[in-house]
1. In terms of the ratio Rg/(2.2 N^0.38 Å) built on C-alpha atoms, what value belongs to the chain?
2. Count the net charge of all other residues whose Cβ sits under 14 Å from the Cβ of Lys444, scoring Lys and Arg as +1 and Asp and Glu as -1.
3. Using only Cα atoms, tell me the angle between helix 504-513 and the longest principal axis of the chain; keep it within 0 to 90° and round to the nearest 10.
4. For segment 230-302, report the % of Cα-Cα distances exceeding 17 Å.
5. So if I average 1/r over every pair of distinct C-alpha atoms in segment 13-179 and take the inverse, what Kirkwood radius in Å does that give?
6. Please list, ordered by chain and number, the residues whose modelled amide H lies under 5 Å from the amide H of Phe421; skip anything fewer than 5 residues away on the same chain.
7. Hey, with R₀ at 41 Å, roughly what FRET efficiency would Gln523 and Asn430 work out to, going by the Cβ-Cβ distance, to 0.05?
8. Can you check what the net charge comes to around Asp252, using other residues whose Cβ is under 14 Å from the Cβ of Asp252 (Lys, Arg +1; Asp, Glu -1)?
Amino acid sequence: MFQIEFDSPDSVVGIDLGTTNSLIACMKLTKPEVIPGEDGNRMVPSIVSLPPEGAPIVGNAARAELIDHPARTVYSVKRLMGRGVADVQEELKLFPFHIAEGSESVIRLVLGEKTLTPPEVSALILRQLKANAEAALGMPVTKAVITVPAYFNDAQRQATRDAGRIAGLDVLRLVNEPTAAALAYGLDKRKQGVIAVYDLGGGTFDISILRLHDGIFEVLATNGDTHLGGDDIDNRLLKIALEDVASEWGEDVSHYGEAVQTLRAAVIRAKEALSFALSATVDFTWHGKAYRREITRELFEGLIRDIVDRTLGPCRDCMKDADVTPEQIDEVVLVGGSTRIPMVRSAVEVLFRARPHTELNPDEVVALGAAVQAGILAGTVENQLLLDVTPLSLGIEIYGGVVSKIIHRNSTIPASAGETFTTGIDGQTNVLIHVVQGERELAKDCRSLARFDLKGIAPMPAGMARIEVRFLIDANGILHVTARDGRTGLEQSVEVKPTYGLTDEQVEAMIEASIDHAEEDYQAAQLAGARIDADAIMTATAKAQKNSAWLSLTDEERQAVTDAANRLQLAYHHEDHQIIRAQIDRLNEVTHSLAERMMNTAVNSALKGTHV
Ligand code: ADP
Ligand code: MG
């Protein structure tokens, strides 16, 4: 059997912007996949450090900065998103960084020389994820679905949207994290049911109960603890290890930041290993001294039992609020890295009296679900199932090693196309059908997918035989190739299965190496998109100017709208979509108060419709 990959060219990505870790994912055919960074890591720690000069440091690289430069390194910024200064007094006590004086409604974090708002910090994480995806997919990524906790209020959601905008992402939708988790498991396909999503991450615990009816998820209740998670386990193990080290070495290392950080990393490694093994060792060396301690799972479970138990109360409260009993819960989904701990899994199973879903990586399921939502939206927004397209052209090798493309790149599937070929030699009775995938002109530069012989062709003078080759890609992405002798009706076929044989790099290289001008295509699509949006907002603005609300604006406000509309008119024929976008944004901004005033009129919906 032959393998073929259909990598979705659809650039809508799904992002889990987490407190501890963030991930980006996209659809590959019908399956979501997490996109790793260039270092191969699938998770980007949600840590940002701002050096006095040069680019911000994000992710794993910023981890070291937590020790070296704590005053200009931010973590857990999600806790500050969309909050006012008064809301976060307690939180701030736990952070090493400070907020700028005089900021009341908007928090500004002082990071070395600079001050940044939480959405700006989050935007740096999003930028990193976007860059990772762009590098892996080999194309610009501009549209995203971002997940948020179900309990996030409007301000927190808006702040998340802003972060996306700042990062250069068009946030098509914010999706609740538990909903994303359920989507990742395909639970939407069951149409009806009650789903509990138990999410124990690094620093937060969330329990959500969802009701699914007719494919729509409704959050019945949420509960949790904003300061409960893997960090608590780490802190407890660290405290014990520090005491242990002190008694063994006769030296307290707890005042040395670097020593503490190294020991913390060692206990985290042991903790994570204990999810898969019955014992693990904490290995720590510092200034020539070595410490080594074996921890059994039994000991570990004794140490963390109360932490695990602290998640159960919120679960019971959540069921009460949702007005469901454990018997009424159809599915339980585990989310968050800390649910890898076997003791957590069994506690959940006992409480809900149901075996939880664990097939997917718990720290990836939210991102995977976001990618599923992104795929759904890509289909809806573009008015076609963009999910189901062929990423690369498919064809056969013909005379001279040249490729004859039969199904072109980006064709929606299911797709079917055929072509008729002939023989090159007098009396030829068989032809080799060589199926290739790629954008290059010569078969040797494309990926070979299948070869098969069509034998027993009626002997004919060269050029007289009629060989009909048909390609069919079915809805599952499976390629069927059929070759048929037009005179005898003799037929031969193969099926090419969609598995993931090509790496992202290969696809990227193939697209780049092609004469297909992927970049130009992309620019043209962006330009067309920008003009469509420009048309929509100009029409809406013209309508709004006839609305009574128009007269309620000040002269300055009216002038600003007129100016912005004129500028967009001028930018419209520009070849650079970003110039058009900039004016669309500007017009969007100045028509904002107008839109608000027309809240109850039909015109409003026309205008607001262009704001998404
Ligand atoms: P968040 O949603 O808060 O961003 P994650 O879902 O990525 O966080 O969870 C991070 C937490 O999961 C960390 O505390 C990490 O140590 C923990 N974790 C990851 N893998 C394991 C494992 N194998 N066993 C136990 N805990 C783990
Ligand atoms: Mg999470």
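1. On the way: Rg = 28.8 Å, N = 612, 2.2 N^0.38 = 25.2 Å.
After normalising by residue count via 2.2 N^0.38 Å, the value is 1.14.
2. Net of charged neighbours comes to -1.
3. 50
4. Details: 946 of 2628 pairs.
In whole percent, the long-distance tail amounts to 36.
5. Numbers: mean 1/r = 0.0622 Å⁻¹.
This gives a value of 16.1 Å.
6. So Phe421 has HN proximity to Ile467, Glu468, Val469.
7. Details: r = 46 Å, r/R0 = 1.11.
So the FRET efficiency works out to roughly 0.35.
8. Working: positive: Lys239, Lys289; negative: Glu243, Asp244, Glu248, Glu251.
Residues near Asp252 contribute -2 overall.
Every read-out reported here was derived from the displayed coordinates using simple, explicitly stated rules and does not represent laboratory data. Nothing here was measured: the structure is a model prediction, and the numbers come from that model. Every residue, glycine among them, receives a Cβ derived from its backbone with ideal geometry; neighbour counts consider all protein chains shown.
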